[in-house]
1. For the stretch 219-261, enumerate the residues that are assigned to a helix (DSSP H, G or I) and open to solvent by 100 Å² or more (accessible area, probe 1.4 Å).
2. Of the residues Leu83, Leu90, which single one is in contact (Cβ under 8 Å) with a residue 60 or more places away in the chain, in a helix (DSSP H, G or I), within 10 Å of the ligand (Cβ to nearest atom) and surrounded by 12 or more Cβ atoms within 10 Å (Cβ to Cβ)?
3. Out of Thr61, Thr16, which single residue is more than 30 Å from Phe258 (Cα to Cα), open to solvent by less than 50 Å² (accessible area, probe 1.4 Å) and at pLDDT 95 or above?
4. How many residues, within the stretch 16-73, are free of Cβ contacts under 8 Å to residues at least 12 places away in the same chain and among the hydrophobic types (A, V, I, L, M, F, W, C)?
5. Just need a number here: residues in the stretch 125-158 that are farther than 23 Å from Asn88 by Cβ and among the hydroxyl-bearing types (Ser, Thr, Tyr).
6. Select from the stretch 99-127 the residues that are in a loop (DSSP other than H, G, I, E, B), away from the ligand (no atom under 11 Å from the Cβ) and over 13 Å from the mean Cα position of the chain (by Cα) and list them in ascending order.
7. Taking the criterion of being among the hydrophobic types (A, V, I, L, M, F, W, C) and within 16 Å of the ligand (Cβ to nearest atom), would at least one residue in the stretch 176-184 satisfy it?
8. Among the listed residues Asp43, Asp78, which satisfies the condition of being open to solvent by 50 Å² or more (accessible area, probe 1.4 Å), modelled with pLDDT of 95 or more and at negative phi?
Amino acid sequence: MPTVLVSLDAGVLTITLNRPEKLNALNPEMLSALRAALERATDEPEIRALLLTGAGRGFCTGQDLAERDVSAGAAPIDLSVSLGSHYNPLVRRLRSLPKPIVCAVNGVAAGAGANLALACDLVIAARSATFVQAFSRLGLVPDSGGSFFLPRLVGGARAMGLALLAEPLTAERAEQWGLIWKVVDDVRLADEATAVARALASGPTKGYGLLKKAMYASATNTLDAQLDLERDLQREAGLSDDYREGVTAFKEKRAPRFKGR
Ligand code: LHQ
C-alpha cells in the first residue's frame, strides 16, 4: 500500500497519511509523496481545497524515530538536514498554498506531526485526538513551525507549558485554548471535515488564497504594513470574477456560484 493516499473528489484533494501501524510517523517516502501532492494541488485549477488526515488511530507522530541510528558507534546526526530539505519546505508549502487546507486530526498528533496540523488553515479534531509537543522528551526543540505557531495561537505561557512538559493536550482543551478550530465526536470527524472542505472547494478560491496571505502576513507585519497589504490584496480580489458573482448574487438575493477565479 502507498504510504500516502491521494484522491480528488468534488474539488477536494484528500491526502491521507497511510502508515497506520506506526501511527503515520513520517519517513522519506511519505515526505516526498506529501510534497508531490501539494505541488499537484498548487498546479491543478480543479483542486480548490485540500483535506489532510491520517489512516488508523493516529494522525501523525512526526519523524520516524526508527530511522535514526543513535547507537554508540553511529555517526552524529545532523537534524538540520532533514528540517532544511523536507520539513521546513513542507510547512512553507502548506502556508503559501493559495487554496484552503483543512486538517482532520483523527488521533494522536505528536512532534512534527502536531505542528504539520497547525500549519494547515483549519484544524478539526476528533474528540479522542491529542496534541503532544513531544520534542522535549527527546531533548529537542519544537520544530516544523511549532515555536512560531504555539505562542501565537495559545499565548506564551501555555506554549511554554506545552513545549517544556510535552504532555498530551486533549482535543477539547485544544479547542478551548484556540489551538484548533473545532472538536467533533470521533464518528463525525470524516463527514464534518469533508463537508467543510467541500464547502470551501465551492467558494471563491482566488479570494481564499489572498485571504491566507493577509492572515499569515499579519503575524510579522506592523499595522501600517498590514493596511498596505490589505489594500493591495483587495485590489486583486476585487478584480476577480468571483467578486462580481458575489455582489451579483447578493443583489439578486440568491446563493453565489463561485468559479474560483
Ligand atoms: C513510531 C513513532 C515515531 C517511529 C509511534 N517513529 N515509530 C525531529 C528531527 C527532524 C525533523 C523533524 O522533526 C523532528 C521532530 C520529531 O517529530 S521527532 C519525533 C517526535 N515524535 C515522538 O516523539 C512521538 C513518538 N511516539 C510516541 O511517543 C507514542 O507512539 C505516542 C505517545 C504518540 C502514542 O503512544 P501509544 O498509543 O502507546 O502507541 P505506540 O507507542 O505503541 O505506537 C504504535 C506503534 O507506532 C509502535 O510501533 P510497534 O512496532 O512497537 O507497534 C511505535 O513504535 C510506532 N511509532 N510513533 N515517531
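The values are calculated or read from the model by the stated rules, or taken from the named source; none is laboratory data. Note that the coordinates shown come from a computational prediction; the quantities given were computed from them, not determined experimentally. Glycine gets a Cβ as well: all are built from the backbone with ideal geometry, and neighbour counts include every protein chain shown. SASA here: full protein model, heavy atoms, side chains in, ligands and nucleic acids out. Shrake-Rupley method; radii C 1.70, N 1.55, O 1.52, S 1.80 Å.
1. Start the filter on the stretch 219-261 by keeping residues that are assigned to a helix (DSSP H, G or I), which leaves 223-238, 241-251.
Those that are assigned to a helix (DSSP H, G or I) and open to solvent by 100 Å² or more (accessible area, probe 1.4 Å): Leu223, Asp224, Arg231, Gln234, Arg235, Tyr243, Arg244, Phe250, Lys251.
2. Step by step, each of Leu83, Leu90 is checked, and only Leu83 is in contact (Cβ under 8 Å) with a residue 60 or more places away in the chain, in a helix (DSSP H, G or I), within 10 Å of the ligand (Cβ to nearest atom) and surrounded by 12 or more Cβ atoms within 10 Å (Cβ to Cβ).
3. Unique residue meeting the criteria: Thr61.
4. Of the residues in that region, 3 qualify.
5. Of the residues in the stretch 125-158, 2 are farther than 23 Å from Asn88 by Cβ and among the hydroxyl-bearing types (Ser, Thr, Tyr).
6. Initially, the stretch 99-127 is screened for residues in a loop (DSSP other than H, G, I, E, B), giving 99-100, 106-107, 111, 120-121, 127.
Adding the requirement that they be away from the ligand (no atom under 11 Å from the Cβ) leaves 99-100, 106, 120-121, 127.
Correct list: Asn106, Arg127.
7. Here is the first cut: in the stretch 176-184, the residues among the hydrophobic types (A, V, I, L, M, F, W, C) are 177, 179-181, 183-184.
Going one step further and asking which of them are within 16 Å of the ligand (Cβ to nearest atom), we end up with none.
The answer is no, given that none of the residues of the stretch 176-184 is among the hydrophobic types (A, V, I, L, M, F, W, C) and within 16 Å of the ligand (Cβ to nearest atom).
8. Asp43
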